[in-house]
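A short write-up of the structure that comes next.
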Amino acid sequence: MKKLFLSLALLAFVALPNAVAQKGYAKVTVAFYNLENLFDTEDGPNNDAEYLPDGANHWTLEKYHNKLHNMAKVISQIGGDGPAVIGVSEVENRKVLEDLVKEPALQRLGYSIVHYESPDFRGIDCALLYRPEIFKLTASSAHPVNIPGEPYIKTRDVVVAFGYIDNEPFSFLVGHWPSRAGGEAVSLNRRMAAAETMRAQADSILRLEPKSKIIMMGDFNDDPTSPSVVKGLRLKKGPKGLGANEFYTPMRKLYRDGIGTLAYRDVWNLFDIMCVNGNLIGKDHNSFKVYKDPKTGYYAYVFNKPFLRQQSGRYKGYPHRTMVGGEYQNGYSDHFPVYMYLVKELK
C-alpha cells in the first residue's frame, strides 16, 4: 500500500459517521473559505489604503497577526482536522498566504499554494491551498474574466489546479465573481461572464481528460438558484443521472432548507458554492465520490461553529467579522466556510 494511501486511510476515521468509518473508507475534505480582506500592513501596488497602519482601519501588525491566527484556527478545524484542499478568496498576495500556512495551527498540515495576481482593482485574489502528499499538483493556471460591454471592470481571475489524488485525475476551479454593486439585476451580466468563464475551463478540462473529477467553487455573490449559477454554469437540478460532463451544486438543497453562509439585513444568502461533475457522484466507491449524509441527504456542509457567530446584540447569529463599520472586532470573516467529503472504499 502506497504512502499516500496510508495517509488517506488515517483520515477515514475523522469526522465521518461510524458506519462509514467501520467499512474502511478513505476521506478527503475539500473546502472553500472567503477570508474577508486578508491584507498585510505593507503599501502594495494595489488599492490597499484601508489596510495600512495609517489607513481607515488602522491595520497594524498586531491586527494582521490576529487575523492570520483566526483564519488558521478556522481552517484547521474544517472537516475535523483541516481540509486536504481548500480554495480561498479575498487574499492580497502570495505573502499573506505564506504567512497563513506558517501559523502553528496549519504548519503541521504542510500546505502548498497555488496563487496568481489578479487584475482586481483592490488587488484581492483567489488561491488554492493543498496538502501535496494527498493532492499531487501537475499544472495550474489563471483565466481572466472579460465582461462584455464593460472592459474597464477588472475582477478576479478563475484559478485552475489540475492533479491527482491516489492516481485519480482531479481539477479544482476557484472563483470570486463580481459583486452586486449597483443592484443584483444591473450587475448580473458580470457574474454571468464569470460563470461562463469558469464553465468553459471545466469543459476544456473534460475534453482533454473525460475522467477528470471536477470541483468548481468560490464566492459567487449569488445564491445556488440565481441565474448566473444555474444558467451561467449550466447546472442540473440534482445528482440523479449526472453525466461526466454535467454539473450540479449540492448547495441548492442547503439553501432551500434555509442554510446560508452570510447575512445582510436579516436575510441569509448562500454565496459560497461548490459544484461537482458526474464523475464524483454515485454509490460505487471504488473511486472517490462525494459523500452523501444518509440522514440529511446533504452532499456538502456549512462550517458555522458557535465561535464563528456573533453571540449577542442586533447581529446575533451572523458571522463574527474582523471589522464592522471601521471598528475592529477581532473576528473571522463575513462568510462561513463550506466543505464536502470525498470518500473511497479501502481495498
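For every residue, the table says whether it meets (1) hydrophobic (A, V, I, L, M, F, W, C); (2) free of Cβ contacts under 8 Å to residues at least 40 places away in the same chain; (3) surrounded by fewer than 21 Cβ atoms within 10 Å (Cβ to Cβ).
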{"position": "279", "(1), (2), (3)": "no, no, no"}
{"position": "292", "(1), (2), (3)": "no, yes, yes"}
{"position": "302", "(1), (2), (3)": "yes, no, yes"}
{"position": "313", "(1), (2), (3)": "no, yes, yes"}
{"position": "316", "(1), (2), (3)": "no, yes, yes"}
{"position": "327", "(1), (2), (3)": "no, yes, yes"}
{"position": "340", "(1), (2), (3)": "yes, no, no"}
Q: Determine whether residue 301 is of a type in the set (Phe, Trp, Tyr), more than 18 Å from residue 229 (Cβ to Cβ) and touching a His at 6+ places or on another chain (Cβ under 7 Å).
A: no
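Considering 258, 313, which residue is outside any strand (DSSP E or B), over 19 Å from residue 235 (Cα atoms), at pLDDT below 95 and more than 19 Å from the chain's Cα centre (by Cα)? Give the derivation first.
Working: 258 fails: at pLDDT below 95.
The unique qualifying residue is 313.
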Q | Residues located in the range 90-128, provided they are of a type in the set (Phe, Trp, Tyr) and touching a Leu at 6+ places or on another chain (Cβ under 9 Å) | A | 111
Q: Being under 19 Å from the mean Cα position of the chain (by Cα) and hydrophobic (A, V, I, L, M, F, W, C) is the filter here, so list the residues in the range 168-191 that pass it.
A: 170, 172, 173, 174, 177
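Of the residues 25, 64, 33, which is crowded, with 19+ Cβ neighbours inside 10 Å, in contact with an Asp or Glu (Cβ under 7 Å, 6 or more places away or on another chain), at pLDDT 95 or above and among the hydroxyl-bearing types (Ser, Thr, Tyr)? So that I can check it myself, show each step before the final result.
On the way: 25 fails: at pLDDT 95 or above; 33 fails: in contact with an Asp or Glu (Cβ under 7 Å, 6 or more places away or on another chain).
Within the list 25, 64, 33, the selection yields 64.
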Q. Of the residues 236, 240, 253, 231, which single one is in contact with a Gly (Cβ under 7 Å, 6 or more places away or on another chain) and among the basic types (Lys, Arg)?
A. 253
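The values are calculated or read from the model by the stated rules, or taken from the named source; none is laboratory data. In this text, all values refer to a predicted model and were calculated from it rather than measured experimentally. Note that we place each Cβ from the backbone using ideal geometry, even for glycine, and neighbour counts take in every protein chain shown.
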